[in-house]
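K.L.:
Take a look at the following structure, please.
The values are calculated or read from the model by the stated rules, or taken from the named source; none is laboratory data. What you see is a predicted model, and the numbers here were worked out from it, not measured in a lab. Using ideal geometry, Cβ is built from the backbone for each residue, glycine included, and neighbour counts are taken over all protein chains shown. Only protein heavy atoms, including side chains, enter the accessible area calculation; ligands, DNA and RNA are left aside. Shrake-Rupley method; radii C 1.70, N 1.55, O 1.52, S 1.80 Å.
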Amino acid sequence: LLRLMLRAVNAHFAPSVGKKLAPLQLAVGTSGGTEILATVARHAYHEGLAVASLDFAKAYQSMRRGAIAKGLQEYCPELLPLFKALYGTSSHLRANTADERGALVGLSSTGCKQGDPLSTLFFCVGLQASLLEIQTRGERLLATRNFGSIFYLLGFADDLQIIGSPLLVQHLALDVAEVSERCGLTFNKA
């Protein structure tokens, strides 16, 4: 019953939150976000630009809940009381093996609960401040260095693409690693 209610809440809020997160984040309230991401990357590649596809390791479980709360305050304060009710205390981690199914194995105070219909919205609002900072750094690099004239940063939840000259992409990938660590995220090295 709770999941059904949370799906309804997500359906209500995702379109308006998605408009606030766009064009940097395409996972919330944007129809065909993955197709947009793929099309932009393909076009950039054919234009001779560098495309870095970055993925965060265990992103949904690692995002600091404080970053999510700050993001909600900025982009959807109406959901902040619900977030606090769902995530204001440590979450139970349960075993998923045949012999220990459902057994409590620990507590978590980061990230979103698996299966939460609002987890993508929560994750994306938590990441938005980092994306805005990276966007600003990229624009600053274009203005002050000889890194070309084109730069795009696009995200679909925990998958990011940096598009531009090879030097710009290389510099910004390092910046993404630094900035994202503040909200608890690290790159998937693979």
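K.L.:
When the residues of segment 152-172 are filtered to those that are open to solvent by 20 Å² or more (accessible area, probe 1.4 Å) and over 14 Å from the mean Cα position of the chain (by Cα), which remaining residue is farthest from Tyr45 (Cα to Cα)?
P.N.:
His171
K.L.:
Suppose we filter Glu35, Glu74 for residues that are of a type in the set (D, E, K, R) and over 22 Å from Cys183 (Cα atoms); which single one remains?
P.N.:
One residue alone meets the criteria, Glu35.
K.L.:
Considering only residues of segment 83-93 that are of a type outside the set (A, V, I, L, M, F, W, C) and loosely packed, with under 13 Cβ neighbours inside 10 Å, which is farthest from Gly126 (Cα to Cα)?
P.N.:
The residue in question is His92.
K.L.:
Could you please give the count of residues in segment 1-39 that are closer than 16 Å to Gln161 by Cα and surrounded by 17 or more Cβ atoms within 10 Å (Cβ to Cβ)?
P.N.:
Within segment 1-39, residues that are closer than 16 Å to Gln161 by Cα and surrounded by 17 or more Cβ atoms within 10 Å (Cβ to Cβ) number 7.
K.L.:
Test each condition in (1) of a type in the set (Gly, Ala, Ser); (2) more than 20 Å from Leu185 (Cα to Cα); (3) modelled with pLDDT under 90; (4) touching a strand residue (DSSP E or B) at 6+ places or on another chain (Cβ under 9 Å) for Gly111 and report the one that comes out false.
P.N.:
With respect to (1) of a type in the set (Gly, Ala, Ser); (2) more than 20 Å from Leu185 (Cα to Cα); (3) modelled with pLDDT under 90; (4) touching a strand residue (DSSP E or B) at 6+ places or on another chain (Cβ under 9 Å), Gly111 is out only on (2).
K.L.:
Follow-up question, since we're still on this one. Only one residue in Leu80, Leu21 is over 16 Å from the mean Cα position of the chain (by Cα) and closer than 16 Å to Phe123 by Cβ. Which one?
P.N.:
Leu80
K.L.:
Next question, about the same structure. Working only within segment 173-190, note down all residues that are open to solvent by 90 Å² or more (accessible area, probe 1.4 Å) and closer than 19 Å to Ala143 by Cβ.
P.N.:
If the condition is that a residue be open to solvent by 90 Å² or more (accessible area, probe 1.4 Å) and closer than 19 Å to Ala143 by Cβ, then Leu174 is the only one that fits.
K.L.:
Looking at segment 126-138 only, could you name the residues that are more than 21 Å from Ser90 (Cβ to Cβ), open to solvent by less than 30 Å² (accessible area, probe 1.4 Å) and either in contact with a Cys (Cβ under 8 Å, 6 or more places away or on another chain) or part of a loop (DSSP other than H, G, I, E, B) (or both)?
P.N.:
Listed by number, the residues that qualify are Leu127, Ser130.
K.L.:
Of the residues that sit in segment 97-108 and are under 16 Å from Gln61 (Cα atoms) and open to solvent by 40 Å² or more (accessible area, probe 1.4 Å), which one is modelled with the lowest pLDDT?
P.N.:
Only one residue tops the list, namely Leu107.
K.L.:
Evaluate the following for Leu54: is it under 17 Å from the mean Cα position of the chain (by Cα) and either open to solvent by 20 Å² or more (accessible area, probe 1.4 Å) or polar (S, T, N, Q) (or both)?
P.N.:
Yes: the conditions hold for Leu54.
Here's the yes/no breakdown for (1) in contact with a Leu (Cβ under 9 Å, 6 or more places away or on another chain); (2) among the small types (Gly, Ala, Ser); (3) touching a residue at least 24 places away in the same chain (Cβ under 8 Å); (4) under 26 Å from His171 (Cα atoms):
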position	(1), (2), (3), (4)
Asn10	yes, no, yes, no
Val17	yes, no, yes, no
Lys20	no, no, yes, no
Thr30	yes, no, no, no
His46	no, no, no, yes
Phe56	yes, no, yes, yes
Leu86	yes, no, yes, no
Asn96	no, no, no, no
